[in-house]
Amino acid sequence: MSSETAPSQDHGHDHGPGDPCAGPERDGARLWSVDEHLADILATVRPLEPIELQLLDAQGCVLVEDVTVPVALPPFDNSSMDGYAVRVADVAGATGEFPAVLTVVGDVAAGAGGLPEVGPGQAARIMTGAPLPPGAEAVVPVEWTDGGAGEGAATGMRAASDAPEGAAGEVRVHRAAEAGAHVRRTGSDVRAGELALAAGTVLGPPQLGLLAAIGRGTVRVRPRPRVVVLSTGSELVQPGEELGPGQIHDSNSFALAAAARDAGALAYRVGAVADDAESLRSTIEDQLIRADLLVTTGGVSVGAYDVVKETLAADGQVDFRKLAMQPGKPQGFGAIGAEQIPLLALPGNPVSSYVSFELFVRPAIRALMGLEDLHRPVVRATLKADAPLSSPPGRRQYLRGTYDAESGTVTPVGGAGSHLIAALAHADALLVVPEERTAADPGEELDVVLLG
C-alpha cells in the first residue's frame, strides 16, 4: 500500500516511513499506539454535569436517575375496542341464531365520568379507551352485535356525543365473551412503584413517550455535548462557491459535523480558517464559549504552513504526536482555555480525518454523554479480495470496506490513499490490519469496525 502522501483537503498530509520530512520518527521519538492515544483522551474527558430538561429537549440525552412509576398504567380498567360493556353471564351461549338481547343503559366515552352501572341483562355502549363501568366484566366488539336496536348496520356506532344522556335501547350480541375480554386491566402495562427507566438509558421517542405517560414533564439527564468542528487551510472554499486556482472545497468540516451528530452531539460547523496563527487563535477563543469539545482538522503535520500545530503547540496546551497507524499518523490532543475544553486536532486528509474521528472523537463524545458503550461494534470477518493486502510494518492499518453480515465477509473498497473520499462514501466498515502484520491474505479473518 502506498504511503499517505496524496494531496489532501489541506496541506497537512500524513508522511510515510520513508518520507524525509518525517523528522520525529527519524530522530527516534517513539510512536504512540492507537490504544495509548485513545486511553490518554478518555482519561481526560469527563461526563458533563447533569441538568433538568423538558422532555423534548432531552431527546438523545442519557438519563442520570432511576425513574419509577407514580401511577399504574393504565390507571383504570378500560376498553380496547369500540363495543358494549357486558356481564359474562348475560352473553354466555350467545350465537348468531340465538343472540343475547341486552338493554343499553348508557354510553361511556373516553374521559367520561359518572359511569352507568351495568346490571343483569344490561349493557353500556363503550368507546376505545373508555373506563369499564361498574358491574361490567367484559367488552364485546361492535362487530359481534347488531349495533344496537334501531341503529341498523352491524359495524357502525354513533359517536357518544350523538346519543342522548342515559340513552336506552337494545343490542343483540351474537357471541359469548370471557371475563376480561377486550379489557385493558389496571397496571397491565406498568404498576405503581415499578422501575420505568434505569439511569444510563438513552432517551429516544419510546422512552420520552413513557415518561410523558407516567406524568413526567421534565427529566434529569446529561446534556448532549456541544462539539465545534473547524477546518483549516487557505485553499479551502465553501461548497457552492466557484473554485480558483489551487483551491478545493471544504469537505472535512461537513463530514465531521455530521459524524458528531451521528454520535449524539450537538454539532457546530465553523467555516474554514486561513493559515494564519492569529486568525486560528481568535476563532478558537470565540468558539470556546459554546464548546464542550473542539475538533480541528488539518495543519497538524510538519509542513511549513501547519498552523494548527505551530499555534497550539506554542501555547503548550496541546500535545502533538505521531501514532503507529495508517491513515491518521499525526494527531493532537489537549485541553484549552480557562474551562480546559478538550481539543482533538485531526489530520487534514479526508479519510485520515474521518478514521481519526471514529477512533478518537466519537468515543470522547460518548464519554461526555456518560455512556458506557463508547465504541463502534467490532466483528471478525473473512477477507474477500483478489490479492493479499499489504500494510506498512509497525503500523495498524485501517482500510475501507463493505461488510456482508450474511456471509461474514468483508471486501476492500478503494485503495489506501488518505484522499480517497469517494471510496469512503461507499464503505460501511473499516478493515483492521494489526501492527505486527505486513500483509493480509484472502480468506483470512480480520477485525472489522462497523460504521453504520
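Of note:
- Among (1) in contact (Cβ under 8 Å) with a residue 60 or more places away in the chain; (2) more than 30 Å from Pro134 (Cα to Cα); (3) among the aliphatic types (A, V, I, L, M) - the single one Met81 does not satisfy: (2)
- In segment 312-332, residue modelled with the highest pLDDT [restricted to those that are within 21 Å of Ala291 (Cα to Cα) and surrounded by fewer than 20 Cβ atoms within 10 Å (Cβ to Cβ)]: Asp319
- Residue in segment 219-264 that is nearest to His375 (Cα to Cα), counting only those that are under 30 Å from the mean Cα position of the chain (by Cα) and among the charged types (D, E, K, R): Asp262
- Scanning segment 225-255 for residues that are closer than 29 Å to Val62 by Cα and either in contact with a Gly (Cβ under 9 Å, 6 or more places away or on another chain) or in contact (Cβ under 8 Å) with a residue 24 or more places away in the chain (or both) yields a count of 9.
- Within segment 310-346, tally of residues that are part of a loop (DSSP other than H, G, I, E, B), farther than 22 Å from Ala260 by Cβ and of a type in the set (D, E, K, R): 1
- Segment 367-392 - residue that is in contact (Cβ under 8 Å) with a residue 60 or more places away in the chain and over 16 Å from Val449 (Cβ atoms) and, of those, surrounded by the most Cβ atoms within 10 Å (Cβ to Cβ): Leu368
- For Leu115: the one exception among (1) more than 30 Å from Ala291 (Cβ to Cβ); (2) free of Cβ contacts under 8 Å to residues at least 40 places away in the same chain; (3) out of contact with any helix residue (DSSP H, G or I) (no Cβ under 9 Å at 6 or more places or on another chain); (4) surrounded by fewer than 16 Cβ atoms within 10 Å (Cβ to Cβ): (4)
- So Ala192, is it farther than 30 Å from Val273 by Cβ and in a strand (DSSP E or B): no
- Members of segment 272-287 found to be surrounded by 15 or more Cβ atoms within 10 Å (Cβ to Cβ), assigned to a helix (DSSP H, G or I) and charged (D, E, K, R), listed by number: Arg281
- Scanning segment 288-300 for residues being outside any strand (DSSP E or B), in contact with a helix residue (DSSP H, G or I) (Cβ under 7 Å, 6 or more places away or on another chain) and at pLDDT below 95 gives a total of 3.
- Considering segment 183-216, and only residues there that are of a type in the set (S, T, N, Q) and within 18 Å of Ser80 (Cβ to Cβ), the residue that is surrounded by the most Cβ atoms within 10 Å (Cβ to Cβ) turns out to be Thr186.
- Only a single criterion out of (1) farther than 23 Å from Ser33 by Cβ; (2) free of Cβ contacts under 8 Å to residues at least 40 places away in the same chain is not satisfied by Pro434, namely (1).
- Residues in segment 222-271 that are at pLDDT below 90, surrounded by fewer than 19 Cβ atoms within 10 Å (Cβ to Cβ) and part of a strand (DSSP E or B): Val237, Ile248, His249, Gly271.
- On inspection, Val69 qualifies as among the β-branched types (Val, Ile, Thr) and modelled with pLDDT under 95.
- Qualifying positions in segment 434-445 - surrounded by 15 or more Cβ atoms within 10 Å (Cβ to Cβ) and not in a loop (DSSP other than H, G, I, E, B): Ala440
The values are calculated or read from the model by the stated rules, or taken from the named source; none is laboratory data. Everything numeric in this text was worked out from a predicted model, so none of it was measured. FYI the Cβ positions are ideal-geometry reconstructions off the backbone, even for glycines, and counts take in every protein chain you see.
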